[in-house]
Amino acid sequence: MADEVYTIGEVIDLLRDDFPDVTVSKVRFLESQGLLSPARSESGYRQFGPSDIERLRYILRLQRDHFLPLKVIKSKLTLWERGEDPDADAPPPSTGLLERGEPEPRDEVLRRSGLPRRRLDELIAHGVLSEEDGRLEEGSAVIAAEARRLFDLGLEPRHLRAVRHAAEREADLVFQLVAPFLKMTNPEARRHAEQMVSDAGEALLAIHRMILISELRRLIER
């Protein structure tokens, strides 16, 4: 068993029950970010051993249950590799949701996502992504990569405006909740507002995910 290896498709099948939204593209993205490094066959195909699968399971659990950013997951993987796993099952500090990343250069977004330049321009034109001075908002490479999957299925950039608008409406809902605290000038009120935003954001993410899964299952069962 120690020498048993799996293809990426077989790995997806093994994990699907616990992680219904895991996909080949997601595994490839995690590899591109340095979180996974499966071996390759002579033909160049990925080969996952048992330890690779356990590592992937650990990463997916942190993403699903705690919404941790990749940078935090990388730091936890360092401990995991040493056989340590401090408070992995405890909720992380909520402020991690608000951790600001860096704008992403256009060429880097294109390289990481595999999206054609024309399609990226369309996402920007339809307001799905925003660009300033040749740099796109943080997270654009992930959005572009997932958009490419949807385009391959037949959707168009204009269809994704609804996704952006839904996220903006949810953000406005949270803003109404914390607006009174943001008007205050003392640091304690500001910290309280940030914590409220983070907690509300995590709750909305969890609700959105479960509702979407439920609706997709209902669609299949019709």
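Below are the figures for this structure:
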| read-out | value |
| --- | --- |
| Scan of the stretch 14-45 for residues that are in a helix (DSSP H, G or I) and either of a type in the set (S, T, N, Q) or within 20 Å of the chain's Cα centre (by Cα) (or both), ordered by number | Leu15, Val24, Ser25, Lys26, Val27, Arg28, Phe29, Leu30, Glu31, Ser32 |
| Test: residue in the stretch 67-79 that is part of a helix (DSSP H, G or I), within 23 Å of Thr7 (Cα to Cα) and modelled with pLDDT under 90 | yes |
| Arg64 vs. criteria within 19 Å of the chain's Cα centre (by Cα) and under 19 Å from Leu15 (Cα atoms) | yes |
| Hits in the stretch 180-205 (condition: touching a residue at least 40 places away in the same chain (Cβ under 8 Å) and not charged (D, E, K, R)) | Gln195, Val197, Ser198, Gly201, Leu205 |
| Residue match in the stretch 174-187 (condition: assigned to a helix (DSSP H, G or I), at pLDDT 85 or above and closer than 19 Å to Asp21 by Cα) | no |
| Flag if Val163 is touching a helix residue (DSSP H, G or I) at 6+ places or on another chain (Cβ under 7 Å) and modelled with pLDDT of 85 or more | no |
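The values are calculated or read from the model by the stated rules, or taken from the named source; none is laboratory data. Note that the structure is predicted; figures quoted are calculated from it, not measured. Using ideal geometry, Cβ is built from the backbone for each residue, glycine included, and neighbour counts are taken over all protein chains shown.
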